[in-house]
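Input: a single structure, listed below in structure tokens.
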Amino acid sequence: MKILSVSLLIATSLTLRAQVSLPNVFSDHMVLQMGREVNVWGRSKAGDEVTVSFAGQSVKAKADDKGEWKTKLQPLQASGKGQPLTVAGPENEVKVEDVLVGDVWLCSGQSNMGFKVGQSIDGDLDALSATSFSRIRLLTVGNPGSQEPAREPNQKWVMPTKETVSAFTAVGYYFGRQIHEVTTIPIGLIDNSWGGSACEAWVRRDLLEKDAENYGPLMEKWKKTEANFDWEKVQAAYKEKLEEWKKTKQGNQPQAPQNQMTGQHRPGNLYNGRLKPVMPFTIRGAVWYQGESNAPRAMQYREMFPLMIKNWREDWAQGEFPFYWVQLADFKVEKPEPGDSDWAELREAQTLSMGRVPASGQAVITDLGEGDDIHPRQKLEVGRRLARWALAHEYGLPVEFQSPTYKAMEKKDGKVIVTFENTGAAGMETFDAAEVKGFAVAGEDKQWKWATGKLVKAERGLPATQVELTPPAGVDPVAIRYAWADNPVCNLMAKNGLPATPFRTDDWPGVTTGQKQ
């Protein structure tokens, strides 16, 4: 009987291996990308011929010696009517029901991207209206970090309901919903975020290892950690502390440890565990909200962030798809005097990336943060500001999308005239006070002092694009900064509601200069 049971197990195993299958990224209620060749892939028995059929198309593929196959559907037109996608092999047929065709957007980053609709201001109301947006579809990727590529997402596509929307990324949902409301195109959203994740975890590890100048110290630190990390020992120590706490109940209960080997900081971990399972899937573009974890190494982020985007685009092999991100919000204690800030330097690194990364854009949100909460709850406006970039560039709509940015400064009659561009058709204004707040000036001594600012009145009919600064007595400015703080007190914005982009004109060493691990 034992021999027969083993034989049956082997026969069953061989039968299962022979059956054609699809990864979870192809599941009921999914959205396929319109207007581009659509990658479809899966597994079957080595050498099997597989036929994929959808919307009148029928394409074939042949499984390789590992049982893996891949093919492409020709570009599809948008369709809000659910259709079946079938994959047939010699042994069986797989049918995916209710497939729409529209735009698929990847939503990635750390906890502010993972922050859920249900946690946001008025998120309960937005969750109640979820079923009104049946042509928005949601997929959440929850795979652990890994140094080896994961094969598929551990979850499947779902319809928008009160429950599924409440648990979905707020920034991603509001971004996608705004696009859907304007264009009526079906939208697929992939939530691929992990709270506290570091940028290096989202980058292919070999790319970091071969750039010793920028990432050598970081990689050496991780190699030492990997060589010495003993997960069983860490767990045992935690259990011992927990048992001791249970006896005494003194102090806070010990927190359960995290396995650093499968976590969100180890270089390459999220690239393999979270990105690779969906990377062949055809998408329209990506939105990103991350940077808090890398603020102590903000100068390094200048190189790492563009590298990450380049890495994703090259390995996705879908060209320079649009990539839009959220600049860090205002956070931490407001300081009475101007000075240096790692969060300001990280924001600067994000702004500089726009000049290095084609088809990219940045949503500025220094007016939406909360001083004592790293997770500001006004996620609706964040999603809308990202959507402005997409609506203008991907959908060709006449929408103002970019925050005012520094253009030039000129000293004149003891004043400093600061000129901005991207100020919108109506120009700039101030919020909550007539005085422009948030400007600091420094002389040759590099000592920063607050400057008094006011908008320069434009000629009748023209938008205001300049600010006049009055330096404090005894300061001959050689450099200026605006909104340069963890939690800047600033109030300059375009009349369209987009706040001015933080900037500095100096290149003096900051608090993160030389920080590489």
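The values are calculated or read from the model by the stated rules, or taken from the named source; none is laboratory data. Keep in mind it's a predicted model, so treat the numbers as computed, not measured. Cβ atoms come from the backbone with ideal geometry, glycine included; neighbour counts cover every protein chain shown. The accessibility values were calculated without ligands, DNA or RNA, using every heavy atom of the protein model including side chains. Shrake-Rupley method; radii C 1.70, N 1.55, O 1.52, S 1.80 Å.
A few remarks follow.
- Listed by first and then second residue, the pairs linking a residue in the stretch 414-442 that is over 11 Å from Lys454 (Cβ atoms) to a residue that is buried (at least 23 other Cβ atoms within 10 Å of the Cβ) and among the charged types (D, E, K, R), with Cβ atoms under 6 Å apart and 6 or more places separating them unless they lie on different chains, are Ala440/Arg481.
- Checked against (1) more than 20 Å from the chain's Cα centre (by Cα); (2) within 21 Å of Pro277 (Cβ to Cβ), Asp124 passes all but condition (2).
- Members of the stretch 111-146 that are of a type in the set (Ser, Thr, Tyr), out of contact with any helix residue (DSSP H, G or I) (no Cβ under 6 Å at 6 or more places or on another chain) and not in a helix (DSSP H, G or I): Ser129, Ser134, Thr140
- Pairs linking a residue in the stretch 143-154 that is farther than 12 Å from Met261 by Cα to a residue that is open to solvent by 80 Å² or more (accessible area, probe 1.4 Å) and among the acidic types (Asp, Glu), with Cβ atoms under 9 Å and 6 or more positions apart or on different chains, do not occur.
- Answer residue from the stretch 420-437, given it is of a type in the set (A, V, I, L, M) and open to solvent by less than 40 Å² (accessible area, probe 1.4 Å) and is farthest from Thr505 (Cα to Cα) among those: Ala433
- Conditions (1) without any contact (Cβ under 8 Å) to a residue 12 or more places away in the chain; (2) open to solvent by less than 20 Å² (accessible area, probe 1.4 Å); (3) among the hydrophobic types (A, V, I, L, M, F, W, C): number failed by Leu386: (1)
- Search result, residues across the stretch 297-318 that are closer than 19 Å to Asp103 by Cβ and surrounded by fewer than 22 Cβ atoms within 10 Å (Cβ to Cβ): Arg313, Trp316, Ala317, Gln318
- For the stretch 319-372, the set of residues classified as open to solvent by 10 Å² or more (accessible area, probe 1.4 Å), in contact (Cβ under 8 Å) with a residue 24 or more places away in the chain and not in a loop (DSSP other than H, G, I, E, B) consists of Asp342, Trp343, Glu348, Thr351, Leu352, Arg356, Ser360, Glu370, listed by residue number.
- Residue match in the stretch 276-296 (condition: open to solvent by 10 Å² or more (accessible area, probe 1.4 Å), touching a Phe, Trp or Tyr at 6+ places or on another chain (Cβ under 9 Å), over 27 Å from Leu32 (Cβ atoms) and not aromatic (Phe, Trp, Tyr)): yes
- Matching residues in the stretch 404-418 - criterion: being assigned to a strand (DSSP E or B) and open to solvent by 30 Å² or more (accessible area, probe 1.4 Å): Tyr406, Lys407, Ala408, Met409, Glu410, Lys411, Lys412, Lys415
- Subset tally (residues that are open to solvent by less than 30 Å² (accessible area, probe 1.4 Å), within 19 Å of Val96 (Cα to Cα) and not β-branched (Val, Ile, Thr)) for the stretch 111-160: 6
- Being among the small types (Gly, Ala, Ser), at negative phi and surrounded by fewer than 24 Cβ atoms within 10 Å (Cβ to Cβ) is not true of Gly176.
- Residue in the stretch 402-410 that is without any contact (Cβ under 8 Å) to a residue 12 or more places away in the chain and over 29 Å from the mean Cα position of the chain (by Cα) present: yes
- Of all positions in the stretch 169-192, none carries a residue that is within 15 Å of Ser108 (Cα to Cα) and part of a loop (DSSP other than H, G, I, E, B).
- Some residue of the stretch 185-201 being open to solvent by 40 Å² or more (accessible area, probe 1.4 Å), modelled with pLDDT under 95 and touching a helix residue (DSSP H, G or I) at 6+ places or on another chain (Cβ under 7 Å): no
- Given (1) in contact with a Ser or Thr (Cβ under 8 Å, 6 or more places away or on another chain); (2) crowded, with 17+ Cβ neighbours inside 10 Å; (3) closer than 19 Å to Leu498 by Cβ; (4) of a type outside the set (D, E, K, R), index of the condition Phe401 fails: (1)
- Phe229 being open to solvent by less than 70 Å² (accessible area, probe 1.4 Å), over 20 Å from the mean Cα position of the chain (by Cα) and hydrophobic (A, V, I, L, M, F, W, C): yes
- Selection count, the stretch 403-426, where residues are in contact with a Lys or Arg (Cβ under 8 Å, 6 or more places away or on another chain) and within 18 Å of Ala363 (Cα to Cα): 3
- Taking residues in the stretch 229-254 that are in contact (Cβ under 8 Å) with a residue 40 or more places away in the chain, and partners anywhere that are surrounded by 13 or more Cβ atoms within 10 Å (Cβ to Cβ) and of a type in the set (A, V, I, L, M, F, W, C), not one pair has Cβ atoms closer than 9 Å while being at least 6 places apart or on different chains.
- Test: Val94 is open to solvent by less than 30 Å² (accessible area, probe 1.4 Å), touching a residue at least 24 places away in the same chain (Cβ under 8 Å) and assigned to a strand (DSSP E or B): no
- Per the conditions (1) more than 30 Å from Val117 (Cβ to Cβ); (2) open to solvent by 30 Å² or more (accessible area, probe 1.4 Å); (3) touching a residue at least 60 places away in the same chain (Cβ under 8 Å), the sole criterion not satisfied by Tyr215 is (2).
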